[in-house]
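What follows draws every value from the coordinates through simple rules; no lab data is involved. On a predicted model such as this, the values are computed, not experimentally measured, just so you know. All Cβ positions, even for glycine, are placed from backbone atoms using ideal geometry, and neighbour counts span all protein chains on display.
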Amino acid sequence: MSGKDKLDIFPTRMALTVMKARLKGAQKGHSLLKKKADALTMRFRQILGKIVEIKELMGEVMKEAAFSLAEASFVAGDFSPMVVENAQKAQLRVRAGKDNVAGVVLPVFEHFVDGNNHFELAGLGRGGRQVKGCREKYTKAVELLIELASLQTSFLTLDEVIKMTNRRVNAIEHVIIPRIENTVAYINSELDERDREEFFRLKKIQAKKKKLNAEREEMAMARLAELGVSDFGELQDRERASAAAAVTGGGLNDDADDQDLLF
Amino acid sequence: MSGGATAALKGHGALISVIGDETTVTGFLLAGIGEKNAKMESNFLIVDNKTTVSTIEDAFKSFSTRDDIAVILINQFIAEEIRHLLDNYTKPIPTVLEIPSKDHPYDSAKDSILKRAKTMFSAE
């Protein structure tokens, strides 16, 4: 059974510290990303409000501009074909600047006039004033529209970034952090079990040693009793030790039986 | 973002294109946004009652993929005809702006961008 999702590493104390550090890092990253997402969302809402406002305004401006065109056509005649013909090179263009919001680079349009307007001299024949007025109205409209375009691109770019950031926040919160926590729990449980095993083993060995020692002493006592020593307490400690050693097979320092080696 | 568009945007500037009725297009051309390049391609399309939907679609597709166009202005009633293209259009550059025309005042309920904005809001 797969059970909890965790990282596969060998459970040592070192790994535990490493995992704990990673957990801390993940939590920090999560809170930072959350802050970023919040800041971006705030800016997003701001931009949206502005867009709605300007779109309404733009409706008005366009209406006025259309009126003035109608006026101009009334006075100067239908100059549309001529205008279309003469549209060879655009003077009104847009340039992009960069705006930085919480680490996200947003494009900002600004209008940019490149050379003189061709139609400066248009309509000098008749209705020049109306044509000029109409042109100015439309130029104003274009400027407003460029601002609107700016807001719209920022809006769309921000939307993408916010979605991505939220995805990352969720991923950290629901996948990465639980995984690391499970790994830490696993390592801890393995270490605890190891400790318990050690402890148990030690205890067992101690118990065995104790038993062994008890048996030896019993045997020693029995032998000495045979040899006629009734009161064990009369013997010197050394003698007692050597007696016990003699019974059990002796230690290295016991030279009672050793013969001197003569070369 | 396409590298070409940003290059034009930083350099001598990118164009504003128009898809609209005669009044709208004339007005904007008067303001000086019109251009015809060496291949006789223009950045505007005049739509009248004889223009087919496929012509409008082709113009929109070509404007939206050209490197030197940053903004596409389109009359709202024309936008209605290619609504399916606009709803699927997600690139930030070139930006699509829906503008009212003489006979059709601005209706924010139909604007593709605002519709998407509303769905985002409700998702928040």
Requested in this report: Test A:R129 against the criterion of being more than 10 Å from chain B (Cβ to nearest Cβ) and in a helix (DSSP H, G or I), and give yes or no.
Outcome: yes
Report summary line: Taking the stretch A:62-106 and keeping only residues that are within 45 Å of the chain's Cα centre (by Cα) and more than 7 Å from chain B (Cβ to nearest Cβ), one is left with A:G97, A:K98, A:D99, A:N100, A:V101, A:A102, A:G103, A:V104, A:V105, A:L106
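Name the residue, out of A:R194, A:R135, A:R201, that is surrounded by 12 or more Cβ atoms within 10 Å (Cβ to Cβ), more than 14 Å from chain B (Cβ to nearest Cβ) and in a helix (DSSP H, G or I).
That would be A:R194, the only listed residue that is surrounded by 12 or more Cβ atoms within 10 Å (Cβ to Cβ), more than 14 Å from chain B (Cβ to nearest Cβ) and in a helix (DSSP H, G or I).
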Query raised in the report: If you check A:A70 against the conditions, is it among the small types (G, A, S), part of a helix (DSSP H, G or I) and either farther than 30 Å from B:E22 by Cβ or touching a Gly at 6+ places or on another chain (Cβ under 6 Å) (or both)?
Result: no
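Would the stretch A:77-89 turn up any residue that is assigned to a helix (DSSP H, G or I) and touching a Ser or Thr at 6+ places or on another chain (Cβ under 6 Å)?
So in the stretch A:77-89, the residues assigned to a helix (DSSP H, G or I) come out as A:80-86.
Right, trim to touching a Ser or Thr at 6+ places or on another chain (Cβ under 6 Å) and you get A:80, A:83.
Looking for residues that are assigned to a helix (DSSP H, G or I) and touching a Ser or Thr at 6+ places or on another chain (Cβ under 6 Å), one finds at least one in the stretch A:77-89, hence yes.
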